[in-house]
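Worksheet: one structure, shown below.
We did not get these values from a lab; they are worked out from the coordinates using the rules stated. Just so we're clear, the structure is a prediction, and the values are computed from it rather than from any experiment. Here the Cβ positions follow ideal geometry from the backbone for every residue, glycine too, while neighbour counts run over all protein chains shown.
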Amino acid sequence: MEPISPKIRHYDTLCAQLESLLAGERDTVANLANAAAVLYHGLPDLNWAGFYLVKEGELVLGPFQGHVACVRIPFDRGVCGAAVREDRVQRVADVHAFPGHIACDCASNAEIVLPLHCQGQVAAVMDIDSPIPDRFDEEDQSGLERCARIVEAACGWVGL
C-alpha cells in the first residue's frame, strides 16, 4: 500500500473541518463565507480564496478572504469565466499567460477555479489565487475538488 502524502492528509483535515463546520447549515452565504475562511487560512501561499456566484449571465463576487477583488466577471473573460463556460476545473500555473486573464490583484501568479453546481448547472465558482507561480498541482486539484463537493452539497442555493 502506497503511503499517503502529507498534502493529501492536510486536505483530509480541511475536508473534515468543512464537513463539521457546514453540517446542518443551508444558508449559502454563511457556508461560502466559512468555507472561504477555512481555505484561506488552511492552505499555505494564498493571497485570495473565495467564491463568485452566477447571477444574470455573469459572475458576481461572493464571500472571500484576501485582497479586494473584481466585482463582476463576464463568462467570456478570465479563468473564472472559462471554468463556467467549460464547466471544468481550471488550474493555471501562470495567470499572466492565460488568454483573457483579469488582473484583479497583480500579485497573483497562479490560480485554480472549480465550478460548483445546483441541479446540474454551474451556480458558482470557487476561486483560489496564489502569488507563487505553479502553486497548484494534481494533489491540490484533487483535494480542492473534494472541498468543492462538500461546499456544493451544503449550500441551499436559494435566493441568490
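So what is the calculated 222 nm ellipticity per residue for the chain, using -39500 (n - 2.57) for each DSSP H run with n of 4 or more, over all residues, to the nearest 500 deg cm²/dmol? Can you show the working numbers first?
Numbers: 4 runs with 58 residues, N = 160.
For the chain, the value works out to -12000 deg cm²/dmol.
Working only with C-alpha atoms, what are the Rg and Dmax values of region 59-146, expressed in angstrom?
Rg and Dmax of region 59-146, Cα atoms, are 12.1, 35 Å.
Using volume of the Cα convex hull per residue in Å³ as the read-out, say which of (1) 100; (2) 114; (3) 165 was calculated from these coordinates.
(2)
Could you work out which residue, out of Glu138, Glu56, Glu19, moves most in a Gaussian network model of the chain, that is, has the largest mean-square fluctuation with Cα springs under 10 Å?
Taking springs between Cα atoms under 10 Å, the residue moving most is Glu56.
At a Förster radius of 35 Å, what calculated FRET efficiency corresponds to the Cβ-Cβ distance of Glu139 and Ala103, to the nearest 0.05?
Working: r = 27 Å, r/R0 = 0.77.
Efficiency computed from Cβ-Cβ geometry: 0.80.
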